[in-house]
Amino acid sequence: MSRIGQKPIEILSGVTVDVAGQTVTVKGGLGELKRDVPKCIKVEVADGNVIVTRADDTRTCKSLHGLSRSLIANMVEGVSKGYKKELEINGVGFKAAIQGQKVVLSLGFASPIEYMAPDGVTVTEDSGVKVTVSGVDKQQVGDTAARIRSFYKVEPYKGKGIKYKDELVRRKVGKAVA
């Protein structure tokens with residue numbers, strides 16, 4: 001049995017969950033999210049909880065049970081609290097600027113890198129070296145932060161590049177002078 005899939009999801013105050021066929025809609029103070037669940041998964045709302053059950057014990061249905069429950073739980077948390085990823089930019093002359101939904105990164109290349117953030121994700125910067133990606137969809141926030149980070153990952157010798165705020169970079173020793 002799926003241990004994760006069996007746990008009921010508590011509906012937080014200010015959040016409504018509607019189930020229409022295989023579509024789950026979650027509305028809250030920060031926005032609205034929709035997701036289609038697989039046919040072998042059944043979602044019910046009862047007594048202020050969302051209960052996810054499966055139709056049979058096939059291998060695919062078992063694997064989708066816990067996944068569906070986690071995705072719905074992330075939707076409930078996203079519309080009530082939201083998600084946030086913080087990035088730090090290290091390096092001489094490395095900086096970020098925000099122009100509407102466009103993120104302009106100066107990372108030591110010949111021309112600046114422009115990245116268009118998707119709808120539903122807000123990107124802010126603080127003093128040019130701290131970038132915050134926030135939104136209601138956990139997957140979109142994580143994907144946007146990972147894409148911004150991928151333009152210049154932190155290198156281990158000088159520590160230059162873009163890293164997550166809580167990421168630990170293992171530094172290497174450079175050439176030894178004899």
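The values are calculated or read from the model by the stated rules, or taken from the named source; none is laboratory data. If you're wondering where the values come from, they're calculated on a predicted model, not measured in any experiment. Don't worry about glycine lacking a Cβ; one is built from the backbone with ideal geometry, like all the others, and counts go over all protein chains shown. With ligands, DNA and RNA removed, areas are computed over all heavy atoms of the protein, side chains included. Shrake-Rupley method; radii C 1.70, N 1.55, O 1.52, S 1.80 Å.
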Residues located in the range 19-37, provided they are touching a residue at least 24 places away in the same chain (Cβ under 8 Å) and open to solvent by 40 Å² or more (accessible area, probe 1.4 Å): Val19, Lys27, Gly29, Leu30, Glu32, Arg35
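State all residues of the range 121-136 that are surrounded by 15 or more Cβ atoms within 10 Å (Cβ to Cβ) and over 12 Å from Lys85 (Cβ atoms); if no residue qualifies, say none.
Start the filter on the range 121-136 by keeping residues that are surrounded by 15 or more Cβ atoms within 10 Å (Cβ to Cβ), which leaves 121-123, 125, 129, 131-136.
Residues satisfying the conditions are Glu125, Val129, Val136.
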Go through the range 88-105 and count every residue that is open to solvent by 30 Å² or more (accessible area, probe 1.4 Å) and not in a loop (DSSP other than H, G, I, E, B). 7
Could you list, in sequence order, all residues of the range 1-15 that are open to solvent by 70 Å² or more (accessible area, probe 1.4 Å), closer than 19 Å to Leu33 by Cβ and touching a Ser or Thr at 6+ places or on another chain (Cβ under 9 Å)? Ser13
Single residue of the range 157-169 satisfying the filter (more than 16 Å from the chain's Cα centre (by Cα) and surrounded by 12 or more Cβ atoms within 10 Å (Cβ to Cβ)) that is farthest from Gly108 (Cα to Cα): Val169
Take the range 144-156 and flag every residue that is open to solvent by less than 60 Å² (accessible area, probe 1.4 Å) and either assigned to a helix (DSSP H, G or I) or modelled with pLDDT under 90 (or both). Thr144, Ala145, Ala146, Ile148, Arg149
Mind checking which residues of the range 63-85 are farther than 14 Å from Lys7 by Cα and either charged (D, E, K, R) or surrounded by fewer than 15 Cβ atoms within 10 Å (Cβ to Cβ) (or both)? Ser63, Glu77, Lys81, Lys84, Lys85
Just need a number here: residues in the range 117-135 that are in contact with a strand residue (DSSP E or B) (Cβ under 6 Å, 6 or more places away or on another chain) and without any contact (Cβ under 8 Å) to a residue 24 or more places away in the chain. 2
Inspect all residues belonging to the range 106-116 and state whether any of them is of a type outside the set (Phe, Trp, Tyr), in contact (Cβ under 8 Å) with a residue 40 or more places away in the chain, in a strand (DSSP E or B) and surrounded by 13 or more Cβ atoms within 10 Å (Cβ to Cβ). no
